[in-house]
1. If you check Arg68 against the conditions, is it within 23 Å of the chain's Cα centre (by Cα), outside any strand (DSSP E or B) and touching a residue at least 60 places away in the same chain (Cβ under 8 Å)?
2. If the requirement is being farther than 22 Å from Pro41 by Cβ and in contact (Cβ under 8 Å) with a residue 60 or more places away in the chain, which of these qualifies: Leu159, Leu184?
3. Surrounded by fewer than 17 Cβ atoms within 10 Å (Cβ to Cβ) and among the aliphatic types (A, V, I, L, M): which single residue out of Ala168, Ala136, Ala149 fits that description?
4. Just one of the numbered conditions (1) within 21 Å of the chain's Cα centre (by Cα); (2) within 20 Å of Gly164 (Cβ to Cβ); (3) in contact (Cβ under 8 Å) with a residue 60 or more places away in the chain is not true of Gly85; which one?
5. Report the residue count in the stretch 112-139 for those that are in contact with a helix residue (DSSP H, G or I) (Cβ under 8 Å, 6 or more places away or on another chain), over 14 Å from Ser363 (Cα atoms) and either part of a helix (DSSP H, G or I) or among the polar types (S, T, N, Q) (or both).
6. Quick test for you: out of Thr355, Thr350, pick the one residue that is surrounded by fewer than 16 Cβ atoms within 10 Å (Cβ to Cβ), modelled with pLDDT of 95 or more and within 16 Å of Val210 (Cβ to Cβ).
7. Report, by residue number, each residue of the stretch 208-222 that is in contact with a helix residue (DSSP H, G or I) (Cβ under 6 Å, 6 or more places away or on another chain) and farther than 20 Å from Cys102 by Cβ.
Amino acid sequence: MSALAELLQAPGVSIDADDDFDAVKALVMQKGWGDGLPVVPPTEARVAAMLEYCDRPWDQPVAKIPPRWGEATPLRLAANAVMAGCEPRYFPLYLLAIEAMCEEPLNLYGVQATTHLCAPLVIVNGPVVKELDINAGHNAFGPGHKANATIGRAIRLALLNIGGAIPALGDMSTFGSPAKYSYLVAENEAESPWEPLHVERGLPREASAVTVIGAECPHNVNDHESLDGEGLLTTIAGTMATAGSNDIYYKAQPLVIMGPEHARAVAAQFSKAEAKSFLQQHATLPVGRLSRDNIERRVKVTWKDRLPDPKPDDVLYAVQRPEDLLIAVIGGAGKHSAFVPTFGATQAVTRALKTADGRLAQSVADFRKRP
């Protein structure tokens, strides 16, 4: 099964394995090539079918994935996509997500190797969301949608098998998190009162795009009682400001996810820019909430210009500038929002889905090879 050899970046090695589910599952588990869940056997036929949606040379890397800096060729990525259970038509978006997260601003090396529990979160926008049936509504971060589950899982398998983020070897996360299995959703553009995330970040509305964030799991914000946008933003701001967050020590880009009901109520009073400004000003933490050692060793070092001699009532910010805060509308009915802290030393990356010649893709069919 040569695809397995490619997966291990050893194209000269021949791996003889039956196309038998139990045999392949046992082999993958024995070799430590997966995420612990059963995989689809990456036979040559299945990998070739996946690559029918690839317009790049199969053997040329589209990125290098840390911490091993393994070469992510389309062929190796296709093997991981098959193992994850992806449909071939998912491949262009999967390839784009890998390219985006390997760009320098995200600091994938740090995200992969840290003791923190972060993982790359992928938010999808544009026509590809409907085309691939990516869940943006109820239970968007949970089970039930093949595209979310398998594209997210294929990303993790590439981070493990090509990037070498093997627990306790390349991935030193103290706890890990469920987000390290699969972490991909779409923005609920149809229910959003504001412009979509990818448009806000400089892309045309007709583009299909991914935004990748080095993120923790979402933390729920429950507010069924506030009657207006200011009340909701006050609750969200209070949830954002926590003493153990990396974001208070970095010029980070944390994410606020608003459910559609909260978003509509906020948008009745605030533009998105105004909401960001309110949250930045109100998501504050008194210095006195931190330990003496953290004040001496972190606050005085990180914010030495602003707080050279911090007092207990001086404030730390959950996000340093309004424009650094990301807001996306995701989810279904229910008066909930969520806050997603980040690794801190990371910046979000947004990239459009384009064909090999640089044109915006109108559909994943643009990548399909024709006889």
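1. On the way: within 23 Å of the chain's Cα centre (by Cα): yes; outside any strand (DSSP E or B): yes; touching a residue at least 60 places away in the same chain (Cβ under 8 Å): yes.
Against the criterion (within 23 Å of the chain's Cα centre (by Cα), outside any strand (DSSP E or B) and touching a residue at least 60 places away in the same chain (Cβ under 8 Å)), Arg68 qualifies.
2. Numbers: Leu159 fails: farther than 22 Å from Pro41 by Cβ.
After ruling out the rest, the residue left standing is Leu184.
3. Numbers: Ala136 fails: surrounded by fewer than 17 Cβ atoms within 10 Å (Cβ to Cβ); Ala149 fails: surrounded by fewer than 17 Cβ atoms within 10 Å (Cβ to Cβ).
Exactly one of Ala168, Ala136, Ala149 is surrounded by fewer than 17 Cβ atoms within 10 Å (Cβ to Cβ) and among the aliphatic types (A, V, I, L, M), namely Ala168.
4. (2)
5. Total satisfying the criteria: 2.
6. Selected residue: Thr355, the only one of Thr355, Thr350 that is surrounded by fewer than 16 Cβ atoms within 10 Å (Cβ to Cβ), modelled with pLDDT of 95 or more and within 16 Å of Val210 (Cβ to Cβ).
7. Within the stretch 208-222, Cys217, Val221 meet the criteria.
Matching residues to (1) hydroxyl-bearing (Ser, Thr, Tyr); (2) closer than 20 Å to Ser337 by Cα:
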residue: Ala149; (1), (2): no, no
residue: Ile155; (1), (2): no, no
residue: Gly176; (1), (2): no, no
residue: Ala179; (1), (2): no, yes
residue: Ser192; (1), (2): yes, yes
residue: Ala209; (1), (2): no, no
residue: His224; (1), (2): no, yes
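The values are calculated or read from the model by the stated rules, or taken from the named source; none is laboratory data. What you are looking at is a predicted structure, and each value in this text was computed from that prediction instead of being measured. Backbone-built Cβ (ideal geometry, glycine too); neighbour counts: all protein chains shown.
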